[in-house]
Amino acid sequence: MTTAQSPAAGPGAPARRIRRLPDRETVDRFALHELLDAELVGHLAVVAGDAPVVVPMGYARVGEHLVLHGSTGGGFALRAASARTPVAFAVTAVDGLVYARSLFDSSMNYRSATVQGVLETVPDDEADAALLALSERLMPGRTAEVRGVRRKEVAATRVLRLALDDVVMKQRSGGPSEEEGDGEDHAAWAGVVPLERRWGVPIASGLTPEGTPVPDSVLALATRSSPAATLDEASESAA
């Protein structure tokens, strides 16, 4: 990457740019938000001592920040926040495999974003709202269905955020590169195999009494991108 200016960066910040296949870079803020809002897990990277460390973490986008959380009992993320050590956070969505007529030209359709910056501890007066946003992002509607957070649990949790100022996003879509006169044997199949994801039928825990209705938050999640039959299957799973 180079350090030319990019509209994806904050005002005056030296944003990184894509050097290899730069035509796949996008600075579309809507596309960035769409990617971050659709995925559940990102990877946080930081140098801890003399070694690089990468940890997968759930996250939420709140405005122009990513919100993460960690234990006050330790962890490299909190130490990085305290020391204001630069970190990177990467999120990737794979949309399909691209089958070309050679392995060299085969590829993936994907969207990826890497955010670099310094973690900040969310102030105490904003931490509850940030944790709620994180919970609602991962399990929409669940907060209203369960007990509230206990003081001990709040004390054991530190909420962190990373500004979306220094961001690089890269993506690929479409089929394999091919032309009528490219010399390839067009009798060999080429194309795209899309990757689709959906939530499965909910499975009750061992201590959940038989016949307990599946809550609205779980039904909404399970049927968000699944066939309509899943709603009936989910309801029957509680019977």
* To do: State whether one or more residues within the range 216-225 are modelled with pLDDT under 95, under 30 Å from Arg79 (Cα atoms) and assigned to a helix (DSSP H, G or I).
  => no
* Return yes or no: is Val122 in contact (Cβ under 8 Å) with a residue 24 or more places away in the chain, out of contact with any Gly (no Cβ under 9 Å at 6 or more places or on another chain) and closer than 21 Å to Ala156 by Cβ? => yes
* Would you mention how many residues in the range 117-128 are modelled with pLDDT of 90 or more and loosely packed, with under 14 Cβ neighbours inside 10 Å? => 0
* Asked: So, of the residues in the range 129-143 that are open to solvent by 70 Å² or more (accessible area, probe 1.4 Å) and in contact (Cβ under 8 Å) with a residue 60 or more places away in the chain, which turns out to be farthest from Leu36 (Cα to Cα)?
  -> Arg142
* Asked: So which residues in the range 155-205 are under 30 Å from Val62 (Cα atoms), of a type in the set (A, V, I, L, M) and either in contact with a Pro (Cβ under 6 Å, 6 or more places away or on another chain) or crowded, with 16+ Cβ neighbours inside 10 Å (or both)?
  -> Val159, Leu160, Leu162, Ala163, Leu164, Val167, Val168, Met169, Val201
* Structure fact -> Only unsatisfied item for Gly200, checking (1) modelled with pLDDT of 90 or more; (2) under 23 Å from the mean Cα position of the chain (by Cα); (3) not hydrophobic (A, V, I, L, M, F, W, C), is (1)
* Asked: For the subset of the range 1-38 comprising residues that are touching a Ser or Thr at 6+ places or on another chain (Cβ under 6 Å) and modelled with pLDDT under 70, which member is least open to solvent (accessible area, probe 1.4 Å)?
  -> Ala15
* To do: Answer yes if at least one residue in the range 66-76 is touching a His at 6+ places or on another chain (Cβ under 8 Å), under 16 Å from Leu132 (Cα atoms) and either touching a residue at least 12 places away in the same chain (Cβ under 8 Å) or not aromatic (Phe, Trp, Tyr) (or both), and no otherwise.
  => no
* Can you tell me which residues in the range 95-111 are in contact with a Phe, Trp or Tyr (Cβ under 8 Å, 6 or more places away or on another chain) and open to solvent by 50 Å² or more (accessible area, probe 1.4 Å)? -> Asp95, Tyr99
* Considering only residues of the range 57-94 that are β-branched (Val, Ile, Thr) and assigned to a strand (DSSP E or B), which is surrounded by the fewest Cβ atoms within 10 Å (Cβ to Cβ)? -> Val94
* **Search result, residues across the range 139-175 that are over 30 Å from Pro202 (Cα atoms) and of a type in the set (S, T, N, Q)** => Gln171, Ser173
* In this structure, is Thr114 within 18 Å of the chain's Cα centre (by Cα) and open to solvent by 70 Å² or more (accessible area, probe 1.4 Å)? -> no
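The values are calculated or read from the model by the stated rules, or taken from the named source; none is laboratory data. For clarity, every value in this text was computed on a predicted model and none was experimentally measured. We place every Cβ from the backbone using ideal geometry, glycine too, and count neighbours over all the protein chains shown. Calculation scope for accessible area: heavy atoms of the full protein, side chains included, ligands and nucleic acids excluded. Shrake-Rupley method; radii C 1.70, N 1.55, O 1.52, S 1.80 Å.
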